[in-house]
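Notes to accompany the following structure.
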Amino acid sequence: GELTQVTNISKFKQDLEKKGTPFVDVRCQMVISHEEFVSKSRGNLNLFTCVPDEAATPMTMMSFNCADPQHLRTNVERAENHSVNLSALRIHDPFPGRRKVLLIRFARGGDGQRYNAQYNVDGLGDLPMHELAMDMAADSQAARIQMSLTKEEFVTCVMTSPILSEALRKMTLFDMPGHREGVHEILMPIKLDVVVGDPMNEDADADFLDAINVRQSVAFEIYDYDRGSFADFLGECFLPPFDKLTSSPQRFVLEVRNATDSSRPDRHKENSAQNTGSLFIEASWIFPVEHVEEEHASKEKLSLEERAQIEEKAHTGKLKLKILKAEGLRAADVTKSKATNDAYVCVYVRNEAFTEMEHYPVGFGPGGWRQTPTGVHKEEFRTKIAKGTSPEWDEEHEMLLMTASFEKRTQQKQRHLDVTRRQAKKHANEMLIAALGNGDSELNFFFTDEPVERRPDPNEESEPGDRHQVKIYLGDTIFQFKIKLQEAARREAAREGNYLRGLRGTGEGSDEVVDSRVRLQQYETLADKMCHDHVVMVFVPSKQLREMYRAKRADTVDYENLYMVEFADPSSWQPLDPIRTFMHYAPIYGFGALGADAQQLRVVQGNEEYKMKNSRYRHFVQDQTKWRSLVTGVNTAKQCFGYAKYLHRGDGDSEEWRPVLAERLNDHGEEESQGTKKFKASYLHVASADVEAGAMAGESADASKVLVDETRVLLAPVQPKILGTGNFEQAKLLKQATQLEGQGMTEAEIVRHLNQQQEDMAKKRAELQESAGLPVTRTHAPPITQAMVRAALRGAL
């Protein structure tokens, strides 16, 4: 008779072995035959989709060991009956003349679902050629959900696989219409005007030093007041470095000493007498003085003024000083009856970022000391006069201080006088741009679109940045552009070295020699230290600037001022993806356009501080991080990547470990039972039937999540955060796990002990509520599980 439907082939084989029933494993033959069907059906994964070629059938007129002429059956007859012989499947009939069954177990393409198929084979070895669906139907709802590739999935694959991204890049390049027509656009050189910001990392180093120490010196100078004459200098001392200060007031005892070379220059200071003593102060430093909310700083549309204010707040701190007293000061007023002082303290501030070689802006003098517009050193404050050699003042003062490099770059843009409103607006914009820290140290490179590379002529006079003869092509990726930029810097360094050697007779201190040495050092630094942190950006003018250009107002002063502001504004520069080519960006930014001016590019080193200045770069980094993030790295208190057992209903409920995202349930949910923890598991490759049913019913994505017992879940991280408890009482109890383990308890004993303590605490709380006449709380925390104890012992909680 016919064999009943087999639901589990593995179990069926075991039953056959016990009964001694013969069977033959034809897996290898079926794999080869399936490949032939796929090849002949042009990639269709389904089995028995077409009639096999006669050439592939060794015996075309009769089956194996079948000598009876009445059983002769031609391939034409088989085709008419929609049947196929075992020989066409490269299977030698193991039981000729007898009826048999061909059982096929397979995992369907698209969703990996396991199924069993059963074909009855007659005595001649023929079986009905019914198509076996080994691939999901492309027109089904489940297939559209399972096999459709989203933009996020595609970009993630490209970002995490350089081999895949490079292969796709080359395919898209050679698939361009221009290339098919014979125009090799990818080999067309393009014009670029490149500016490398801060090539020697001077601004970055200055910001780093400011982060360690504010680099502002606070000097305390003590004087003896004399009516009608200059005050007597009693000594000076300095506030400790700002990295030694905290937000809480600290008391310091500072040694009073004579003036030195590093002191504030003052011709009235006399060092003939030996100044001694100690100054007692309290100081605290709050930095920054006002924290800017990240949500506010990351807003899309912030004006230039708002972003400058954010930068200023991020670089400004509040110094609180309390001058208490002094002891052991030198007596300046000496008479026969007494030796005393009329002492007071003056406080001065010095910016250490200024050097002696620089031109000082308004408000600063030699050495970086603050001064008034008249050129007199500025007193931040002065205490009252107190008598004696151990005077007491007990005065508090507060002052706002900027970091040294930030104050230096902003104050250098100060102007004495603005005659017109246009000048005032221009200078105000310069101040705002300086606050954003675009930097004054820049290096320029020029790339031409000449089709043939010119040989460098030693006698040819070229501008710095235009002597390298490196070509950038439309088909180059942004990553390749950075490599070529390094090569251009090496060639420029070699040409600059030759130029510097030709200036030997000019004089070592001449401006031309100094500038050449600076450029040489910048070229060499860029060639050696350019790395993946450097970001290539393109200038994106605003709508207003583009409209003024179209209206042919490029020669007006308003256009020049607006262009200057936008060109210096970091948020006007859009980062370019390293894996993309200039051809990909050509429709947007006009790279390689005939007759167009050179496109403006800027190369800077991207860091956390630059994110605050350039909103485009901040969003670019966020997108890059999102694309590079893998689901396998998810490990939060609410969700965790792992594996869960999955039942294949079409394969006799066989089990398979499948990747899931496990979510913790509500700590007071009803799903907890008998001390067993459950997770809400979302299978990354969900069952197609479940997806299709949920989609047809209009259910949300949450419909594919199922409750899974913790014994059927394997969390991938070593220390899964999801195993922690959100219950405060449980967290307190789980802290005892390590101590209980040290007492010799097993994990199961610790679980019982902690659950008993939890029950006792709940009963005691209910008794207290009842005795106080309050309503008794009936909600109890879920039991502590062994997994929670294990996580606590590993320190994961």
For segment 353-379, enumerate the residues that are under 18 Å from Lys408 (Cβ atoms) and charged (D, E, K, R). Glu356, Glu358, Arg370, Lys378
Name the single residue that is nearest to Ala404 (Cα to Cα) among those in segment 306-346 being outside any strand (DSSP E or B) and β-branched (Val, Ile, Thr). Ile310
All positions within segment 767-786 that are open to solvent by less than 40 Å² (accessible area, probe 1.4 Å) and modelled with pLDDT under 75: Ala781, Pro782
The one condition Thr355 fails out of (1) in a loop (DSSP other than H, G, I, E, B); (2) in contact with a helix residue (DSSP H, G or I) (Cβ under 7 Å, 6 or more places away or on another chain) is (2)
Output the residues belonging to segment 368-408 that are among the basic types (Lys, Arg), in a loop (DSSP other than H, G, I, E, B) and over 30 Å from Leu436 (Cα atoms). Lys384
When residues of segment 93-115 are filtered for being open to solvent by 30 Å² or more (accessible area, probe 1.4 Å) and either more than 45 Å from the chain's Cα centre (by Cα) or on the phi < 0 side of the Ramachandran plot (or both), how many remain? 13
Taking only pairs six or more apart or across chains, which ones have beta-carbon atoms under 8 Å, a first residue in segment 704-733 that is more than 30 Å from Ile145 (Cα to Cα), and a second residue that is of a type in the set (Lys, Arg) and at pLDDT below 85? Val718/Arg794; Gln719/Arg794; Leu723/Arg790; Gly726/Arg664
Restricting to segment 551-560, count the residues that are in a helix (DSSP H, G or I) and exposed (fewer than 15 other Cβ atoms within 10 Å of the Cβ). 3
Checklist (1) touching a helix residue (DSSP H, G or I) at 6+ places or on another chain (Cβ under 9 Å); (2) at pLDDT 90 or above; (3) of a type in the set (D, E, K, R) applied to Asp651, failing item: (2)
Condition check for Glu395: open to solvent by 60 Å² or more (accessible area, probe 1.4 Å), among the charged types (D, E, K, R) and modelled with pLDDT of 70 or more: no
So, Arg350, is that one in contact (Cβ under 8 Å) with a residue 24 or more places away in the chain, basic (Lys, Arg) and not in a loop (DSSP other than H, G, I, E, B) or not? yes
Residues to consider are Phe242, Phe280; find the one that is open to solvent by less than 30 Å² (accessible area, probe 1.4 Å) and either within 50 Å of the chain's Cα centre (by Cα) or on the phi < 0 side of the Ramachandran plot (or both). Phe242
Could you list, in sequence order, all residues of segment 681-708 that are modelled with pLDDT of 80 or more, more than 30 Å from the chain's Cα centre (by Cα) and surrounded by 15 or more Cβ atoms within 10 Å (Cβ to Cβ)? Val706, Val708
I'd like to know if segment 655-675 contains one or more residues that are assigned to a strand (DSSP E or B), more than 33 Å from the chain's Cα centre (by Cα) and modelled with pLDDT of 70 or more. yes
Failed criterion for Tyr617 (all others in (1) open to solvent by 30 Å² or more (accessible area, probe 1.4 Å); (2) within 20 Å of the chain's Cα centre (by Cα); (3) farther than 25 Å from Gly475 by Cβ; (4) at pLDDT 90 or above hold): (1)
Starting from segment 553-566, keep only residues that are aromatic (Phe, Trp, Tyr), then list their pairs with residues that are open to solvent by less than 30 Å² (accessible area, probe 1.4 Å) whose Cβ atoms are within a distance under 9 Å, requiring at least 6 positions of separation or different chains. Tyr559/Leu545; Tyr559/Met548; Tyr563/Leu545; Tyr563/Met548
Checking Thr625 against (1) modelled with pLDDT of 85 or more; (2) of a type in the set (S, T, N, Q); (3) part of a helix (DSSP H, G or I), which single condition isn't satisfied? (1)
Answer yes or no as to whether Glu496 is at pLDDT 90 or above, over 34 Å from the mean Cα position of the chain (by Cα) and either surrounded by 14 or more Cβ atoms within 10 Å (Cβ to Cβ) or aromatic (Phe, Trp, Tyr) (or both). yes
Every residue from segment 7-33 that is under 24 Å from Arg90 (Cα atoms) and part of a loop (DSSP other than H, G, I, E, B): Thr21, Pro22, Phe23, Val24, Asp25, Val26
What number goes with the only condition from (1) assigned to a loop (DSSP other than H, G, I, E, B); (2) charged (D, E, K, R); (3) in contact with a strand residue (DSSP E or B) (Cβ under 6 Å, 6 or more places away or on another chain) that Arg602 does not pass? (1)
Strands (runs of 3 or more DSSP E) lying entirely in segment 35-142 (those with 2 or more residues that are modelled with pLDDT under 75 and closer than 30 Å to Tyr683 by Cβ): none
Scanning segment 245-266 residue by residue, those open to solvent by less than 80 Å² (accessible area, probe 1.4 Å), outside any loop (DSSP other than H, G, I, E, B), touching a Ser or Thr at 6+ places or on another chain (Cβ under 8 Å) and hydrophobic (A, V, I, L, M, F, W, C) turn out to be Leu254
Return the only residue of Ser516, Ser542, Ser510 being open to solvent by less than 60 Å² (accessible area, probe 1.4 Å), small (Gly, Ala, Ser), touching a residue at least 12 places away in the same chain (Cβ under 8 Å) and over 30 Å from Ala586 (Cβ atoms). Ser516
Taking the conditions exactly as written (open to solvent by 30 Å² or more (accessible area, probe 1.4 Å) and out of contact with any Phe, Trp or Tyr (no Cβ under 9 Å at 6 or more places or on another chain)), does Lys387 satisfy them or not? yes
In the set Asp623, Asp597, Asp577, which member is of a type outside the set (A, V, I, L, M, F, W, C) and more than 24 Å from the chain's Cα centre (by Cα)? Asp597
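The values are calculated or read from the model by the stated rules, or taken from the named source; none is laboratory data. Note that the structure is a prediction, hence the values are computed from the model and not measured. We place every Cβ from the backbone using ideal geometry, glycine too, and count neighbours over all the protein chains shown. Note: areas computed on protein heavy atoms with side chains; ligands, DNA, RNA excluded. Shrake-Rupley method; radii C 1.70, N 1.55, O 1.52, S 1.80 Å.
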